[in-house]
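Every number here is computed from the coordinates shown, using simple stated rules; none is lab data. Keep in mind that what you see is a predicted model, and the values were worked out from it rather than measured. Glycine also receives a Cβ, built like all others from the backbone with ideal geometry; neighbour counts cover every protein chain displayed.
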Amino acid sequence: MQNIQYLKDQNAVVVPIEHWEKLQSELLRLKRRVNKADILTNFKKSLTKLKKDLQNENYDANCEISAAEFLAQLKDEQ
């Protein structure tokens, strides 16, 4: 990590462009990883809720509703 300069009077750090590009790519990789973890967590919560709903004694597998009714229920849950 040579060639890194701390400019105390300007409250700044100067790094070589190659090092900066590596830092930026690593930051992007970490952001993608966090986003993926969030998606997987939300997916797991959704599956857990679905399983709970399916195990509910009031669940009727033969119940049919229209697409409009289904969308209305989804909007009500948000």
## Note on the structure
Heads up, the chain by the C-alpha gyration tensor (a ≥ b ≥ c square roots of eigenvalues; a/c under 1.5 rounded, else a/b over b/c prolate, else oblate) looks prolate
### Query
Is it possible to state the helix-based mean residue ellipticity at 222 nm for the chain, with each DSSP H run of 4+ residues giving -39500 (n - 2.57), the sum divided by total residues, to the nearest 500 deg cm²/dmol? What is it?
-22500 deg cm²/dmol
### Query
How large is the dipole of the chain about the Cα centre if only Lys and Arg carry +1 and Asp and Glu carry -1, each at its Cβ, rounded to the nearest 20 debye?
500 debye
### Query
Angle, helix 17-55 long axis vs. longest principal axis of the chain, Cα atoms, 0 to 90°, nearest 10?
10 degrees
